1. Return the loop-located chymotrypsin sites (Phe, Trp or Tyr not before Pro) in region B:224-263 (DSSP other than H, G, I, E, B) with at most 13 other Cβ atoms within 10 Å of their own Cβ; answer none if there are none.
2. Among residues other than A:His82 whose Cβ falls under 10 Å from its Cβ, what is the net charge (Lys/Arg +1, Asp/Glu -1)?
3. All other residues with a Cβ under 13 Å from the Cβ of A:Asn177 taken together, and with Lys, Arg as +1 and Asp, Glu as -1, what is their net charge?
4. Go through B:Lys59/B:Lys246; A:Lys253/B:Lys93; A:Lys84/B:Lys93; A:Lys246/B:Lys93 and tell me which ones have a Cα-Cα distance over 30 Å in this structure.
5. Any idea what the B:Asp188 label distances to the other copies are, label 7 Å down the Cα→Cβ vector, nm, shortest first?
6. Going out from 0 in 10 Å bins, what whole percent of all Cα-Cα distances in the protein assembly as shown drops into each bin?
7. Quickly estimate the mean residue ellipticity at 222 nm for chain B, helices only: each DSSP H run with n ≥ 4 gives -39500 (n - 2.57), and the total goes over all residues, rounded to 500.
8. With a 10 Å cut-off between alpha carbons and a GNM built on chain A, which of A:Val207, A:Val226, A:Val150 moves the most?
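Please treat every number below as a calculation from the coordinates, not as lab data. Here the structure is a predicted model, which means the values were calculated and not measured. Using ideal geometry, Cβ is built from the backbone for each residue, glycine included, and neighbour counts are taken over all protein chains shown.
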2 protein chains.
Amino acid sequence: MGFFDRLGDRIEQTDSMLCVGLDPDTDRLPSHLDGFDLPRWAFNRRIIDATHDLVAAYKPNAAFYEDADGWRSLEETIAYAHGKDVPVILDAKRADIGNTTRQYARQLDRVDAITVNPYLGRDAIEPFLQRSDAGVFVLCRTTNPGASDVQELALAEGDQLYERVATLADLWNQRNNIGLVVGATTPDELEAVRDLVPELPFLVPGVGAQGGDVEAAVTYGCVDGVGLINASRSVIFAGEGETFDKAARSAAKRLRDRLNEYR
Amino acid sequence: MGFFDRLGDRIEQTDSMLCVGLDPDTDRLPSHLDGFDLPRWAFNRRIIDATHDLVAAYKPNAAFYEDADGWRSLEETIAYAHGKDVPVILDAKRADIGNTTRQYARQLDRVDAITVNPYLGRDAIEPFLQRSDAGVFVLCRTTNPGASDVQELALAEGDQLYERVATLADLWNQRNNIGLVVGATTPDELEAVRDLVPELPFLVPGVGAQGGDVEAAVTYGCVDGVGLINASRSVIFAGEGETFDKAARSAAKRLRDRLNEYR
């Protein structure tokens, strides 16, 4: 059973298309977790305990785990989320060449899906795509101000680069395991990409701390009810101190319900 | 003193523009290293012992270290290379947005330079660029067959995407700490990029196992004697068994000398 079929079941089961980004910035962890061997894992465990019934998926960003203790924290986090039946998307934005990208693709032994960067072309993400049971979200349109520098470049054939990436990804989608990352901070572009690729589910970041358009995210993010809207900081750092997990639950529930208004 | 100044001194000192990729594929490590706590680190230490006087820099690719033991191996490797006065470039091809890419940029506390992916635009790599003493190699033209899928797209203004990335990187180079990754497998394109950006040093992969053009790599890779030609597998896996390090030394020496014919 492919990733998007499993994700569809999970979304139906939990009545939620919310994806929560597990980005345990060590500068922002509550101080009562300092004494733990792995504070990031201690933080994530509490977030998972508090929110797992409200979320369709978790999305740890690899940037927050790039050291030895970080990878231990990430491994524990993934296993724990799986123990609660929540799929995990590794937000890694990887891509490399040949034997190197095959090495990166081994991360799909651990997680259910991954994000990849299209700049190196199809063969750089092919080892990810070959895992037909895993999901591969190709970066299309990101939410940062500088995204326009490259993604909005006008191509000779009249489209913009991010639109071409969308159509290329659609072409590469021979195993029905590709989705796109398309930010909610640009609702018109969400609609434009949806028109181009009616069959690709989106992972939509930017509705939380970045203030993106929730209605557009839900309306254009889904295909047959499958799609994810991500929030990271606005959920996991919704509160401070010893009750941070309760605050995270409230924030997750509010956002889940808000998303459901438009589903 | 900026990275490229330090690198220039190092190249002069060692009479070498060779960069060796430390990519310890666990499927290819000599079996006598199996018993070590960290076989990848044991492998790298022997490679460094055997080659450090012949190389301008080492370039570990992050893909080969993405687990808890991997990061420990990488940390030991970086410290050991630094102990031999060899600069280290982390081949990570990273880029993300806002707080996440700031997190990735912390890797520059450990290493001397890093490779980044341009698809997300300038602000995604700005936290790397702000480390004015560190080097930032922007992916421009990669050596894989599928590189043409995206990098060669024709833009409305007449140039190709990889050419635009080169000129953008040149524009972003306000601290003299940007270089470009341009593959040796496409000598004409090496020349074209050199013409576009006469002042950016190149990191040129592809002359080893991938069979790229050595003369073009050296001729177009350097600016005022500063530039790096990388080989990974053709050096570190030049031999097998217990004398793999001697074989690596011979391969490194041969390639260093071959590069010097064109300098």
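1. Here no chymotrypsin sites (Phe, Trp or Tyr not before Pro) fit, given the DSSP loop and packing criteria.
2. 0
3. The answer is -3.
4. A:Lys253/B:Lys93; A:Lys84/B:Lys93; A:Lys246/B:Lys93, as the Cα separations exceed 30 Å there.
5. 3.9
6. All Cα pairs considered, the percentages come to 4, 20, 30, 26, 15, 6, 0.
7. -13000 deg cm²/dmol, from helical runs alone.
8. Residue with maximal mean-square fluctuation among A:Val207, A:Val226, A:Val150: A:Val150.
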